[in-house]
Amino acid sequence: MGSTSVNRRDVMKRAAAAGLLAVPAVGALSSCASGGGEENKAEKGEKSKKNPLGVKEDAGLTVYIFNGGYGDKYAQYVTDMYAKKYPKADPEQKPTEKIATQVQPKIVRGKPTADVVNNSGADQMNPGKLVHNKQVADLSEVLDAPSWDDPNVTVRETLVPVVEQMGRFGGKECYQLNIALTVYGNWYSKKLLEDGLDSSYPKTWDEMLAVCKKAKAKGIHGWSYPGGHPRYMFFSMYAMFAQRGGRDVTTAMDYLEPNAWKHEAVKEVFEAWEELVAKKYVLTGFDGTEAHTEMQTAWTKEGKCLFVPNGSWVENEAKDTTPKDFAMTVGATPSLDSGDKMPFGTLYSPAGEPFIVPAKAKNRQGGLEWLRMMYSKEAALNLFKEIGSMPVVKGAIDGQKLPSGTASAQAAIKAAGDNIVIPQFMDWYNELFREDFNNMIHKFMQGQIGPKQAMDTMQKASDRIMKDPDITKVKKA
Amino acid sequence: MPPRFTPERVRYDRRYRTLDKYRFIVGFLAVPLAFYALFVISPFLQAIYYSFTDWSGGPVANFVGFDNYEKMWNDERFWDSLQVSVLLLVIAPVLTLVLGMFFAYMITSGGRHRRGRAIAGVAGSSVYKVVYFFPQVLSVAIIAVVWGRVFNTNSGLINGGLDKVGVDGPAWLGGDETLGLISLLTVISWSFIGFYVVLFSAAMGAIPKDIYEAALLDGAGRARTFFNVTLPLIWDTVRTGWIYMGIQALDTFAICLVMVPPHVLKVTPVFLYERFRDGQYGYATAIGVVLLLLSMVFSLIVMRVGNRDRIEY
């Protein structure tokens, strides 16, 4: 080796110096790279009367379904329908609890493997962001297409109007289609309330407090709070905001108006709930990710509480623990007093279980066709049989024998008439609900903060989102 | 140029020889260094670049200067999460290292002085050494899920035990921030102690026995032996462990994400993850860059503070 003089220590020193550069931690830093902008060609077939969306018959189809309270059988039914119509397509369905984790990275890279996605659950993708990034397809094509059952009627005409309203993100396009009507409110056992406590459903807050007091005397908590999922409280609270202060209050929340959360009506609703907490009517102690099921078991099986804040999926989710004569029922939120702007019966009832089609989906037409099939009477009826909630397809479940929870939900919708309220900000500014409301209401339900701090926190969060350049705002039309 | 083509006169020049030496070293390290640059350094640099853009996952990323950092400065949620992370950074290493050292000392020199030996571990120490290491073998996700069950308010092991003795257990994970922090600390320490027990046992095992014999002859008790003999002699290992544990504490992502509901408390990496999830990639990378700086500053401080003369033996 002649004149080359290197000793081992020198080599080690250099190697160590290089190693030092790799300060550990921050693993998250190293795992991202933006995707290329290359356009991938969507598979398309010939449009015809039998195939109005122009589906390519042999293009594969991948369906991602959130495997939560509703399971994924109802969707498998539609996927099977698809397989029957396009036997060469060999459609595949993937149930998962982690929608964003499994689907979003591929959408971001511009190479989605999913052709239609049930964007739901705790790990849902932020739909507003997807719309802003043009990563989801405009689904108006589905709404304009002839319906599955009657070629003379468009899909749009078969659906309740709330579906299209909720799929819009400020524009005319419709990016998201929901399939089931959800009724939120106060769920209870009619048997326990009427036979056990000899009471009727409280129509005012004073009656509510009275019922809770009566229940407490019998060793039952009037209310319950799933600590692991504080956001459930919103399901019972939201309609009260609207009921107390009118639609102006909720619209102001949607459009992030200054002082939207500082309205007098909001304060009064918070004060009402504060009393419930202060009087220790609320059953707590459910935490962790399974908090809602723990709460539901305590409610149905153990009879420890009277009311739970919940949505209409609960009948299906809790069916294993519900006694036969439980008589599950949903009630609209009680009025505060005669000063309310909207009548008792005002209902928070959006269309739930959102579906999207990635803009660059390989078989986009197939995804759209899948949704058209989902909105067939046949699939809608199956949806109801499978999960017990009301499909958004008009008249799909007429003449069916309804289980008590669904029957009460349908009655509640009828009673509400036009007084249906929907918090659009949950779709538009997801984090305002999922993070800020969730964090705030947890402290509130523990009695750590009162109405004033609750309102301040929400207003501050709303203002923060208003100012955040990373979040696209929906303008008042 | 390789030596054989180099003119005689240049070949023995000092500067040439230095150059030649580096050429040789680079020749050996070229391939690993290239891989390293490609897969470790370049993503770091990319991430730092992205932290100055408004990238939201789409094909466009506009340069926005320090906007993300400004947003972070004004974001209360960031400071809340950082507070938790820094608390962990301070407390977790102390707790873990002290306990790890204690157990390691017990294993190597905590036992009775048998058959004239200067030091011996407590009875069954070889078994303990293995048992302590168990948590290291488990996946973090499993640890988080299992401990989540243990801390469960209504049906958990801890509150169940407290119930037996007539105490109403608190809501560990669904309650207030302090309890959540205590739970998190417990789990972090539990899962890392085994590693330090093994690390410190090895370091302690390397200390010559005659030093202990001398200490014993001079009449030093166990505590005295530990503080005057063992600790100074394993100080370098302790310092390394300190840095490593600090970085682990700063990076407590999985345990916190899986075990603690985010509305009770979250560490900065979880906050970062949530920003990713909401498609605020530019902002999220900016948070990542701050975490990187923080762990570097922490390492430097510990190296500075812990600098002592090395004792040779």
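Some points to look at:
- Under a Gaussian network description of chain B, with springs only between Cα atoms under 10 Å, the residue in B:LEU19, B:LEU185, B:LEU88 that fluctuates furthest is B:LEU19.
- As a ratio to 2.2 N^0.38 Å, the alpha-carbon radius of gyration for the range A:274-327 is 1.18.
- For the range B:216-313, the Cα gyration tensor yields ellipsoid semi-axes of 41, 17, 7 Å (square root of five times each eigenvalue, largest first, whole Å).
- Size of the range A:97-240: Rg and Dmax of its alpha carbons, in Å, are 21.5, 60.
- Backbone phi angles across the range A:140-148, fed through the Karplus curve with coefficients 6.51, -1.76 and 1.60 (θ = phi - 60°), yield HN-Hα couplings of 4, 4, 5, 5, 7, 5, x, 6, 4 Hz in residue order; Gly and Pro are listed as x.
- Exceeding the 32 Å Cα-Cα cut-off - candidates A:LYS88/A:LYS414; A:LYS56/A:LYS401; A:LYS85/A:LYS301; A:LYS341/A:LYS401; A:LYS213/A:LYS267; A:LYS47/A:LYS401: A:LYS88/A:LYS414; A:LYS56/A:LYS401; A:LYS85/A:LYS301; A:LYS341/A:LYS401; A:LYS47/A:LYS401
- Accessible surface buried by the B/A pair amounts to about 4800 Å², both sides summed, 1.4 Å probe.
- Springs between Cα atoms under 10 Å define the GNM used for chain B, and in it the highest mean-square fluctuation of B:VAL84, B:VAL258, B:VAL127 occurs at B:VAL127.
- For the protein assembly as shown, the share of DSSP beta bridges that are antiparallel, to the nearest 5, is 60%.
- Using only alpha-carbon positions in the range A:76-125, the gyration tensor eigenvalues give semi-axes of 23, 14, 7 Å once each is multiplied by 5 and square-rooted (largest first).
- Rough spin-label spacing in nm, given labels placed 7 Å along Cα→Cβ, for A:GLU378 and A:LYS414: 3.0
- Tail weight of P(r) past 33 Å, computed on alpha-carbon pairs of chain A, percent: 43
- Relative to its Kirkwood radius, the Cα radius of gyration of the range A:185-250 gives an Rg/Rh of 1.02.
- For the range B:57-95, accessible area lost to neighbouring protein chains reaches 40 Å² or more, against the chain alone with a 1.4 Å probe, at B:GLY57, B:LYS71, B:ARG77.
- Whole-angstrom gap from the range B:172-190 to the range B:261-286, using each part's C-alpha centre: 20
- Here is the size of the range A:139-179 from its Cα atoms: Rg then Dmax, 10.0, 31 Å.
- Of A:LYS50/A:LYS475; A:LYS280/A:LYS385; A:LYS214/A:LYS460; A:LYS98/A:LYS385, pairs whose Cα-Cα distance is over 28 Å: A:LYS50/A:LYS475; A:LYS280/A:LYS385; A:LYS214/A:LYS460
- A:MET125 exposes around 0 Å² of accessible area when a 1.4 Å probe is run over every protein chain in place.
- Computed as a quarter of the hull surface, the mean projected area of the alpha carbon convex hull for the range A:328-436 stands at 9.7 nm².
- A 1.4 Å probe, protein heavy atoms only, puts the accessible area of B:SER126 near 80 Å².
- Length-normalised contact order of the range A:85-220 in % [C-alpha pairs under 8 Å, at least 6 apart]: 13
- The largest accessible area among A:MET373, A:MET426 belongs to the first residue in A:MET426, A:MET373, and the rest follow in falling order (1.4 Å probe, all chains).
- Amide hydrogen neighbours beyond the local backbone of A:THR154, cut-off 5 Å, H modeled: A:SER147
- Within a Gaussian network of chain B (alpha carbon springs, distance under 10 Å), most fluctuating of B:TYR12, B:TYR105, B:TYR132: B:TYR12
- Candidate residues A:GLU97, A:GLU141, B:GLU177: accessible-area rank, largest first, probe 1.4 Å: A:GLU97, B:GLU177, A:GLU141
- As a ratio to 2.2 N^0.38 Å, the alpha-carbon radius of gyration computed for the range A:288-360 takes the value 1.46.
- Our note on the geometry: Cα centres of the range A:249-326 and the range A:389-411, 23 Å apart.
- Its Cα gyration tensor gives the range A:224-315 an equivalent ellipsoid; the semi-axes, largest first and in whole Å, are 28, 14, 11.
- Chain B - Rg over Rh from alpha carbon coordinates, Kirkwood radius: 1.09
- Taking label positions 7 Å along the Cα-Cβ direction at both A:TYR255 and B:ALA214, the computed distance is 8.4 nm, reported to one decimal.
- Accessible-area rank, largest first, for A:LEU368, B:LEU179: B:LEU179, A:LEU368, with all protein chains present and a 1.4 angstrom probe.
- Solvent accessible area, Å² - A:LYS218, 1.4 Å probe, full protein context: 130
- For the range B:87-237, the calculated P(r) over all alpha carbon pairs, in 5 Å bins from 0 to the bin holding the longest distance, is 2, 9, 15, 16, 15, 13, 10, 9, 7, 4, 1, 0 percent.
- When all alpha carbon pairs of the range A:113-187 are counted in 10 Å bins from zero, the resulting P(r) reads 16, 45, 31, 8, 0 %.
- Computed P(r) (all Cα pairs; the range B:1-146; 10 Å bins; percent): 8, 14, 16, 19, 19, 17, 7, 0
- When the convex hull of its Cα atoms is viewed from all sides, the range A:159-297 shows a mean projected area of 10.8 nm².
The values are calculated or read from the model by the stated rules, or taken from the named source; none is laboratory data. Because the structure is predicted, anything quoted here is derived from the model rather than measured. Every residue, glycine among them, receives a Cβ derived from its backbone with ideal geometry; neighbour counts consider all protein chains shown. What goes into the accessible areas is simple: the full protein's heavy atoms, side chains included, and nothing from ligands, DNA or RNA. Shrake-Rupley method; radii C 1.70, N 1.55, O 1.52, S 1.80 Å.
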